[in-house]
Amino acid sequence: MITTNPLISPHLFTILDSLPDQIYQVNKAIKNNDYQQIIQYTTTTINSVYQEKQLLLALFELRSYAYSKKGQFLDSIKNGRLMIEAAPTSTLGYARLGQTLSTYGYQVSAVCVYNKGLQIVQQNKQSVNVDELHKRKEIAVKRLQKKMDPMSMFSDEIIQRIFTLLSQEVKATCLHVSTVWRKKLLDCSDIWRFLKLGQNHKDFPLIGVVNQVGHHVTNLMIDQFTHGSVLSAYMKQLQEGSFEKLQYLSFFAPYNYTIDNPQDYFASIQKALSKVQNTLIGFEIVIHPEHTSSSIKIATILSTCKNLKYLYYSSTASNISNHVGDLTLLDHDHPNLINLCLHSRKLITGNDVAPILKRCQQLRRLVVFLCDICILDTIQNTAPNLEIFGLNCYFTSVTSLEENITARKKEMNDSDEKTTGLRHLHLNTTKSNTPSSVAANKILNFIYKNRATLETIHIEMPDDATVATAATTIHHEDEIDTPYSDFNLVNLKTIFCRSGNQRMEKVLLQSIRTSSKLHDLELKRVFTTSLVIDSLIEMTPLNRISLRVLPQPLSSIDSNKISTYLDK
């Protein structure tokens, strides 16, 4: 067997009769410079040949080398120490440990390790690899004498700009380069404003500095499937108030995640919220079906965080009504919540959201997933300040508050008149299993009531949707026009419609003929081509028109009309 040399890339191993497959996999990983595979297969082989000391040392050394190449300083150090524990009188462990320390800038510590190795060799009267230890010690001493930290070459401003370009994993590694680097990193507040905890080892190096960087963090995302020790460390710091400037807190998770002791876990989240209640303005959480009974409720979140402006609450199984909680905990209506997103795998109805909306009268944006179209009546009656509403928009983006604010500022510059009302409507009922849930008349009634302020309309319905149902007030095709007088969308700028309903197409086309601000029209399914063309001719010229799924080839009359419109 050929051992590895820590100073250079490792040599391949000779195959032992007892371990042909393991050694083959190790050698293959070495050739491919696949350090993660090196770590995996050396670990497997180590467990198989623990009694083979020489092979064991070589495997530890190789795994330490691979960890070092991946920037996992602590793991590389650990394997160097395991080599010393396995063979305390051998020089190999001291050489490996000293090399790792020297590579990462810890020259003083490296010299100490080399001295200890030379002392052990002298005591046991060994001569193997002694010259190698002396050589590496001399290199570490020279590095220490000539040491020039690049940190001293740049201003603090440039250093901070460099650090902001680094990934979270690289920043964690840089913490171990030297005391100077560590201090510089911890003093750069901007680079720690966003922290995200995932499901891998990359977050482990940050555990020891959570209490030092926590006061810089404004946005913290925690995967609830994160390794237990990492999750516990961050939850502990949250409960102790280390994140004193935190503005956004997110607990996301895969659908099938589970948590040990969910009652204690959600109690710790509630305590954490109480510590950041004065600064927190955004909160996101995903609740697993097994945690419904012990989950933190919406009422608890709202009563604890009075400054909250944005809330995303997802229940992956149970009805959202099971998560509302006791809204009497709020002494008054919530004063600041303006952006709410509810997601459930059980159908959300108007009765489910009405209690929340009644206590959140400042709400300006509401997005609901897996929701009944009948919620429109609830929205109209309980959300007077709503400006943006999205329903079941799984594949389309809903207008953000920031986009709406920018448009409103421009509008206020153009006019002194301030108007309130719904401005952006995004509806998708294509996932509905029953035609009765796609009530086109409800959508039209809702649009009609908000006709004076609507700027964006995005509607997607299945092709087999019908307007008339047993519960509707409109029974005949000719009657669809009668309830509406002055149905003009005067402020409409963009409309996308895939209605699957001929009568809805007719009403909407009539409502936009006088829309002087309209610049973008897209009809994904056109029933009556001549009606569309006649409407276009009467309208102010648009910037963009898209008509798809025409029922039949254009007639010569319609073609001439289109040519006339294009000339216009």
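For a quick check of your reading of the filter: which chymotrypsin sites (Phe, Trp or Tyr not before Pro) in region 321-414 sit in a DSSP loop and have no more than 13 other Cβ atoms within 10 Å?
Filter output for region 321-414: Tyr394, Phe395.
Going through region 80-168, which chymotrypsin sites (Phe, Trp or Tyr not before Pro) have at most 15 other Cβ atoms within 10 Å and a DSSP loop state?
Phe154
Pop the C-beta distance of Glu403 and Asn33 into the FRET formula with R0 = 60 Å and round what comes out to the nearest 0.05.
FRET efficiency, Glu403 to Asn33: 0.85.
Less than 19 Å apart at the alpha-carbon level, and either on another chain or at least 8 residues along: which lysines does that give for Lys146?
Answer for Lys146, where 19 Å is the Cα cut-off: Lys135, Lys137, listed by chain and number.
Among the listed pairs Lys306/Lys449; Lys142/Lys184; Lys28/Lys78; Lys78/Lys245; Lys183/Lys245, which are separated by more than 29 Å between their Cα atoms?
Table pairs above 29 Å Cα-Cα are Lys306/Lys449; Lys78/Lys245.
Quick one: if you stick a label point 7 Å off each Cα along the C-beta vector at Ile162 and Asn261, how many nm between them?
Here the answer is 4.4 nm between the modelled labels.
Between their Cα atoms, which of Lys69/Lys116; Lys297/Lys346; Lys275/Lys297; Lys442/Lys517 are more than 23 Å away from each other?
Listed pairs above 23 Å: Lys69/Lys116; Lys442/Lys517.
Could you pull out the trypsin sites (Lys or Arg not before Pro) across region 50-98 that fall in loop regions by DSSP (anything but H, G, I, E, B) with no more than 14 other Cβ atoms inside 10 Å?
The qualifying sites: there are none.
Using a ≥ b ≥ c from the Cα gyration tensor of region 39-119 (square roots of the eigenvalues), is it rounded, prolate or oblate, where a/c under 1.5 gives rounded and otherwise the larger of a/b and b/c decides, a/b for prolate?
oblate
We did not get these values from a lab; they are worked out from the coordinates using the rules stated. In this text, all values refer to a predicted model and were calculated from it rather than measured experimentally. Virtual Cβ from ideal backbone geometry, glycine too; neighbours counted across all protein chains shown.
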